[in-house]
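The values are calculated or read from the model by the stated rules, or taken from the named source; none is laboratory data. Remember, it's a predicted structure, so these values are computed and weren't measured experimentally. Quick reminder, even Gly has a Cβ in these numbers, built from the backbone with ideal geometry, and neighbours come from all protein chains shown.
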Amino acid sequence: MEARRKADELGVDAEFIQMDALKLPCLDRQLDSVVDCGLFHVLSDADRRAYVAGLAHVTKSNGKLFLMCFSDQEPEGPGPRRISQNEIRDAFADGWTVESITPSHFEPNPESKDTFVDGGPKAWFAVIRRES
């Protein structure tokens, strides 16, 4: 698993849980931090609502979600659905505080490196806090 390898390389103590993200309410625990790197933008509108509800179930009060998703600043073309800042804010309007949304880039897959310009696909990196 690439995430585990990177955490070990950086000396970061992290737990990785692999499961169906639409079944988060089945996870009988709460987490201080949740990382979503590349899932949010592939969900349908209905699945997105279920996903955010599941995140609310597993994220502690004042816990944080670190969300990286494909940005609507990326020109049309191949790749996943583009997400606007407003879509992020709307999805997390109830019970969450969007602390920041900043422009970023995904590290491109070496096979698709020529598809994207400017250092990789444009993304939004959002820090979102679960309200108490």
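Of the residues making up the range 60-105, those that are in a loop (DSSP other than H, G, I, E, B) and among the small types (G, A, S) are G77, G79, S84, A93, G95. For the range 75-86, check the following and say yes or no: at least one residue is touching a His at 6+ places or on another chain (Cβ under 7 Å) and of a type in the set (D, E, K, R). Yes; the residues of the range 75-86 include at least one that is touching a His at 6+ places or on another chain (Cβ under 7 Å) and of a type in the set (D, E, K, R).
For the range 40-91, filtered to residues that are in contact with a Lys or Arg (Cβ under 9 Å, 6 or more places away or on another chain), surrounded by 14 or more Cβ atoms within 10 Å (Cβ to Cβ) and hydroxyl-bearing (S, T, Y), the residue that is nearest to M19 (Cα to Cα) is T59. If only residues of the range 104-132 that are modelled with pLDDT under 90 and among the small types (G, A, S) are counted, the one that is surrounded by the fewest Cβ atoms within 10 Å (Cβ to Cβ) is S132. In the range 78-100, what residues are at pLDDT 95 or above and more than 19 Å from D45 (Cβ to Cβ)? The answer is T97, E99, S100.
Tell me, yes or no, whether the range 18-29 has at least one residue that is surrounded by 14 or more Cβ atoms within 10 Å (Cβ to Cβ) and in contact with a strand residue (DSSP E or B) (Cβ under 6 Å, 6 or more places away or on another chain). Taking every residue of the range 18-29 in turn, none turns out to be surrounded by 14 or more Cβ atoms within 10 Å (Cβ to Cβ) and in contact with a strand residue (DSSP E or B) (Cβ under 6 Å, 6 or more places away or on another chain). Residues in the range 18-39: is at least one of a type in the set (V, I, T) and either assigned to a loop (DSSP other than H, G, I, E, B) or modelled with pLDDT of 95 or more (or both)? Checking the range 18-39: not a single residue is of a type in the set (V, I, T) and either assigned to a loop (DSSP other than H, G, I, E, B) or modelled with pLDDT of 95 or more (or both).
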